[in-house]
Amino acid sequence: MPRPAVIQIPIRKVNNDEMIDGEDVLASEEPLEIRLVYGPEANRVQKSISVTMCTPGDDFELARGFLYTEGIINSKEDILSVKHCNGENENVVKVELNEQVAIDMSKLERHFYTTSSCGVCGKSSIEAVRVVCKNIVDDTGLRFESNIIYQLPEVLRQKQMVFERTGGLHASALFDSEGNLILLREDVGRHNALDKLIGAALENGMLPLNKYLLLLSGRASFELIQKATMAGIKIVAAVGAPSSLAVQMAEDAGITLIGFLRGERFNIYTGKERIII
């Protein structure tokens, strides 16, 4: 039975000292374990590589995107199968790789970069991402007009089905230069939402994503810019603020980074040549 993306809970609302019993709709959050099966046919190894808290749904896309943005796989052909463990436990996804895929376990231990909460050296993190990144690619002359960019947050908001009910999800979305929504994924974790998006693009043969703008519903962190770099994305726009390390990463990777996209205004932090006013 599919796990629900939202749940209803009883609450007590307080308004001007008046208490009323009611219900609220929350975004569901559950652990998802990703297990990797790899190695030669005569000596296959199964290893748990990640446990992340995420919104149920699009589990296989999340696993594919995670492996791609971590630099573990380079194409969808590296994957033999993706399935829930034993076909029953929906909180565990098992990804089986081709035996020719060589695994560098140091990448899985995340020694080459980490999230902003861990205080890793910014310069070494960026250099490490460049080492594993295969898609620092040309943008084929990609340009976006400002009047189209202004409209994107509202388009995203209208399409965020779960957010409308809960107000509690992050979203990552791809748009073409005409402002058409190409792909959208949501999750309680902003990095999970982007992994799901990239995983779907990988499965559909869309990588590298150098023809599109990536819109983030929240702030732009270093980790999100790293994932965008891995996917070949050249323009990233965020409704919220970027971090200083995100700006450094975008500059180093040749990405146009936009922040504080609200109404008819935004800030361009890097790559201003791709924006037509």
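The values are calculated or read from the model by the stated rules, or taken from the named source; none is laboratory data. Note that the structure is predicted; figures quoted are calculated from it, not measured. Ideal geometry is used to build each Cβ from the backbone, glycine not excepted, and the neighbour counts take in all protein chains shown.
Restricting attention to the range 1-28 and to residues that are acidic (Asp, Glu) and exposed (fewer than 11 other Cβ atoms within 10 Å of the Cβ), the residue that is modelled with the highest pLDDT turns out to be 21.
Taking residue 31, is it at pLDDT below 85, farther than 18 Å from residue 172 by Cα, assigned to a strand (DSSP E or B) and in contact with a Cys (Cβ under 9 Å, 6 or more places away or on another chain)? Answer is yes for this residue. Being out of contact with any Lys or Arg (no Cβ under 7 Å at 6 or more places or on another chain), within 19 Å of residue 63 (Cβ to Cβ) and in a helix (DSSP H, G or I) is a property that residue 248 lacks.
Count of the range 171-214 residues, restricted to those that are in contact with a Cys (Cβ under 7 Å, 6 or more places away or on another chain) and of a type outside the set (Asp, Glu), is 3. Among the residues of the range 176-231, the ones that are touching a His at 6+ places or on another chain (Cβ under 9 Å) and either buried (at least 20 other Cβ atoms within 10 Å of the Cβ) or over 19 Å from residue 261 (Cα atoms) (or both) come to 15 in all. Among the residues making up the range 202-226, those that are touching a Phe, Trp or Tyr at 6+ places or on another chain (Cβ under 9 Å), of a type outside the set (Asp, Glu) and not in a loop (DSSP other than H, G, I, E, B) are 202, 213, 214, 215, 220, 222, 226.
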